[in-house]
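What follows is a short report on a single structure.
The values are calculated or read from the model by the stated rules, or taken from the named source; none is laboratory data. None of these values were measured; they are calculated from a predicted model. Glycine also receives a Cβ, built like all others from the backbone with ideal geometry; neighbour counts cover every protein chain displayed.
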Amino acid sequence: MNDTPVIRTEGLTKVYTMGATEVHALRGIDLTVGRAEFVAVMGASGSGKSTLMNIIGCLDVASEGSYELDGVAVRGLDRNQLADIRSSKIGFVFQGFNLLARTTALENVELPLLYDRSGNGTSPRQAAMGALERVGLADRFSHLPNELSGGQQQRVAIARALVTEPALLLADEPTGNLDTHTSVEILSLFQDLNDQGITIVLVTHELDISQYAKRIVALRDGRVIRDSGVAQRRDAAEDLSRLGRLEEEI
């Protein structure tokens, strides 16, 4: 069994220079995320959570400190190397879905495979259909995004994130554009995927959303102020059942 942490940061610091002013976005973040963990990163605006997400996602680089993603030291990689590690080791899920409007669900999910240089020989169509099956949307493979509900569009985005079999699923406010019922449906899917062994880091500013994770890392002013397990973790499947009963009574 591979026990290399998916994420390991030590002394992670990020300083932005704005004219004569220095803005310290991160102030020495030590964070380890093991395989099959489900971690919620929380914080208010200005806490540093977006900066941390960008560095974890290899979209930005730290000013100081070290970061290893699935055993690979990220600091010092050039732009092309960062792009390669993003495409091979990270699956991104965003608040706005980021689907191509005139492209079918299947074609949207296939997209990351066009940049896959692993040469594993897997058929893109076959892999994309498999990913859609995992999120329960195989029967919608030929639909365009505007023919899908918001929740279905997010499921397509999650399938797209899974299709390269990444080490990490990184979700940035993935329920931000969804109603309560649909949000819980997406969180139920995340819990199912995590139960299958997928490592998930979910960035959120909502305390109730973080309760579906197994662990909460809270930031304030660029520092970790809390890193602990969720004492009373919410079960999304149970919450869906309860919401269904309430909706029937209305």
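Please work out if Thr182 is closer than 22 Å to Leu114 by Cβ, of a type outside the set (Lys, Arg) and modelled with pLDDT under 95. The answer is no for Thr182. Scanning segment 72-109 for residues that are touching a residue at least 24 places away in the same chain (Cβ under 8 Å), surrounded by 16 or more Cβ atoms within 10 Å (Cβ to Cβ) and in a loop (DSSP other than H, G, I, E, B) gives Gln95, Phe97, Leu99, Thr104. Checking segment 241-250 against the condition returns no match, with no residue being of a type in the set (Gly, Ala, Ser) and either within 22 Å of Val41 (Cα to Cα) or under 15 Å from the mean Cα position of the chain (by Cα) (or both). In segment 15-26 there is no residue matching the filter, namely being more than 29 Å from Asp192 (Cα to Cα), in contact (Cβ under 8 Å) with a residue 12 or more places away in the chain and within 19 Å of the chain's Cα centre (by Cα). The one condition from (1) under 28 Å from Arg233 (Cα atoms); (2) β-branched (Val, Ile, Thr); (3) surrounded by 15 or more Cβ atoms within 10 Å (Cβ to Cβ) that Thr13 does not meet is (1). Taking Gly28 as the residue in question, decide whether it is of a type outside the set (Lys, Arg), at pLDDT below 95 and farther than 18 Å from Leu170 by Cα. Here the answer is no, as Gly28 does not meet what is asked. Go through the residues of segment 62-71 one by one and say whether even a single one is closer than 22 Å to Ala157 by Cβ, among the small types (Gly, Ala, Ser) and under 21 Å from the mean Cα position of the chain (by Cα). Looking through segment 62-71, none of the residues is closer than 22 Å to Ala157 by Cβ, among the small types (Gly, Ala, Ser) and under 21 Å from the mean Cα position of the chain (by Cα). Filtered by the rule that a residue be assigned to a loop (DSSP other than H, G, I, E, B) and surrounded by 15 or more Cβ atoms within 10 Å (Cβ to Cβ), segment 222-232 gives Gly222, Val230.
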